[in-house]
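A quick write-up on the structure given underneath.
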């Protein structure tokens, strides 16, 4: 089958003295039947090229599915006399939320079955959930298009029936107030930004809902939360490099309002100043980067929030990033990032002692789980490493020990057969770039090992080295898996992020190229055996490095890639764009425009050889619109000079995250892995 050719409609405009060509701009018109036909033709071409692998894809899907425990349940979390847990059942795509009263021997109540909610739908995703204080009612939100517009509904857990209340066009979060009278939610504006927080009287009309706060600055996203002791309500307006938090004390008894007091601003927003607060027994603990690039921790009395009243709790340390404080009745947990990994310290407020939580491995990923009870002396954690499946721990504060509650079962997996370790590549400017590496223990460094190198490197988001069950299908076939912890991410603290954004963005791409060169120079692999993968902003990474060094890679997988940087960032009508100015820069300013233009993948496609490439898109994606990957592929197909395969696969019924059901997601993974294995010549 011949590859589709998108028609060229010459389009040119002059921006900052530069003539910008965009000959595939017509693909932005989703209502144009020609656009849909083009996407469908690309899907047919992809299907035809991969047709000879259909049996392998099916067997790989069964292999992936065979490793998971299809019928399983999480370790329960205690909340107000109930034990809450989540179940999965063989053959069902979605989780089932359950509870038992008192102990696990009691009768089970299924309070939300997502399989029933998703029945007959092409796409389904559960957003937020919140239980009423008496635990009789459940408020929850759902998205049925992939466009990340949610609808809130309420279920009576006693009768099993839904209430008449329904709130649409929300961002997904929902919160029941402690007095049980109101729901709090956030609305989306016309650029898909959570911009306003309302409260809704349960049983009342939506027209009577009251505005709590609205932020008219389109570079700020509004969110809300509550303190663990349920006494305080927070609203945060957050941009990519600053924020502002408002707080109010919740009304604890029935009233005409959710709050006892008016919202107060804790600290007014200032450019490049970030902070978060946590309430504990009349004090606010503040984590901020004001005069401290890696953040420090203070505390102050609730009635004295003025800056001059703050007391230092943890001073600034350039080698340790303070992430925040988690408050419990008798202790605090300080979350930090140290040496590239999450670090936790516990402070016993009764004994006045502070100590670190010790984890069983040196290379790992750890995160806090559900810890709803303020007076608990047990901290729920989830831990994994590249060779250790996810473990649910309870950390006993008094005994200072990790109690293993549940370990993910991976059928047929033997951890002793695999190794994981950290190495460092040296970037062009001398910066040491961490690499997390995993492979079979018997593998030899002869330069012939097929390898998958993964990266992201944006928004300060850290790619921690955890266990990926699906990755075993590549490791078992002799592949090496590597995560490049490149600048622009947050693995090495706040400066690591700052050194990979704005006018330093190219450090992200250079770091990734240096990582690839290191793997080749150390004879882990060679350029003919090296596959790379990234998604969203990691797709931008794929597009940039493949323009810069196409000779270095054999295979590229770019998932929902942000590749049309200039055109997207110049259009404030596109959802979320204006908020991105504080990540990439504002292209209406010439310095940013020139710099972004120099790396924007779509604008830098040239007539030269490119590796084999698979590009994915979601027709309903609100974050990276389908036209970005489709325009990029169209331009690549027109200009590239090689005979290597180029595929575009658009999910016509999903958004940014791809398929929503667990089996559907496994099929997507099987397809992507099959493509990688096919192009590397190790389809077996």
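The values are calculated or read from the model by the stated rules, or taken from the named source; none is laboratory data. Everything numeric in this text was worked out from a predicted model, so none of it was measured. A quick note on method: Cβ atoms are made from the backbone with ideal geometry, for glycine too, and the neighbour counts reach across all protein chains shown.
Key figures
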quantity: Where residue 649 falls short, out of the listed (1) under 20 Å from residue 122 (Cα atoms); (2) more than 21 Å from the chain's Cα centre (by Cα); (3) in a helix (DSSP H, G or I); calculated: (3)
quantity: Any hit, segment 658-673, residues being closer than 23 Å to residue 567 by Cα, assigned by TED's automatic domain parsing to the domain that holds residue 551 and assigned to a loop (DSSP other than H, G, I, E, B); calculated: no
quantity: Positions within segment 672-684 being touching a helix residue (DSSP H, G or I) at 6+ places or on another chain (Cβ under 7 Å) and crowded, with 21+ Cβ neighbours inside 10 Å, in sequence order; calculated: 673, 674, 680
quantity: Residue list for segment 125-159, restricted to those being in contact with a helix residue (DSSP H, G or I) (Cβ under 8 Å, 6 or more places away or on another chain) and closer than 24 Å to residue 78 by Cα; calculated: 126
quantity: Options 277, 318, 314, 273; residue that is touching a helix residue (DSSP H, G or I) at 6+ places or on another chain (Cβ under 9 Å) and either surrounded by fewer than 13 Cβ atoms within 10 Å (Cβ to Cβ) or modelled with pLDDT of 95 or more (or both); calculated: 318
quantity: Hey, residue 86 over 26 Å from the mean Cα position of the chain (by Cα), surrounded by 13 or more Cβ atoms within 10 Å (Cβ to Cβ) and not in a helix (DSSP H, G or I) or not; calculated: no
quantity: Subset tally (residues that are outside any helix (DSSP H, G or I) and over 18 Å from residue 336 (Cβ atoms)) for segment 485-514; calculated: 7
quantity: The one condition in (1) crowded, with 18+ Cβ neighbours inside 10 Å; (2) in contact (Cβ under 8 Å) with a residue 60 or more places away in the chain that residue 126 fails to fulfil; calculated: (2)
quantity: Subset of segment 151-188 [modelled with pLDDT under 95 and surrounded by 21 or more Cβ atoms within 10 Å (Cβ to Cβ)]; calculated: 181
quantity: Complete set of residues in segment 205-216 that are surrounded by 14 or more Cβ atoms within 10 Å (Cβ to Cβ) and in a loop (DSSP other than H, G, I, E, B); calculated: 209, 215
quantity: Any hit, segment 462-475, residues being in the same structural domain as residue 666 (by TED's automatic domain parsing), touching a helix residue (DSSP H, G or I) at 6+ places or on another chain (Cβ under 7 Å) and assigned to a loop (DSSP other than H, G, I, E, B); calculated: no
quantity: Flag if residue 433 is surrounded by fewer than 19 Cβ atoms within 10 Å (Cβ to Cβ) and either modelled with pLDDT of 95 or more or in a loop (DSSP other than H, G, I, E, B) (or both); calculated: no
quantity: Residue in segment 102-122 that is free of Cβ contacts under 8 Å to residues at least 40 places away in the same chain, surrounded by fewer than 16 Cβ atoms within 10 Å (Cβ to Cβ) and on the phi > 0 side of the Ramachandran plot present; calculated: yes
quantity: Number of the condition not met by residue 452 [criteria: (1) under 29 Å from residue 612 (Cβ atoms); (2) in contact with a helix residue (DSSP H, G or I) (Cβ under 8 Å, 6 or more places away or on another chain); (3) surrounded by fewer than 21 Cβ atoms within 10 Å (Cβ to Cβ)]; calculated: (3)
quantity: Flag for residue 621 being within 24 Å of the chain's Cα centre (by Cα), part of a loop (DSSP other than H, G, I, E, B) and over 22 Å from residue 18 (Cβ atoms); calculated: yes
quantity: Output for segment 280-299, where each listed residue is buried (at least 20 other Cβ atoms within 10 Å of the Cβ), closer than 18 Å to residue 249 by Cβ and in contact (Cβ under 8 Å) with a residue 40 or more places away in the chain; calculated: 280, 285
quantity: Hey, residue 544 more than 30 Å from residue 215 (Cβ to Cβ), assigned to a loop (DSSP other than H, G, I, E, B) and in contact with a helix residue (DSSP H, G or I) (Cβ under 9 Å, 6 or more places away or on another chain) or not; calculated: no
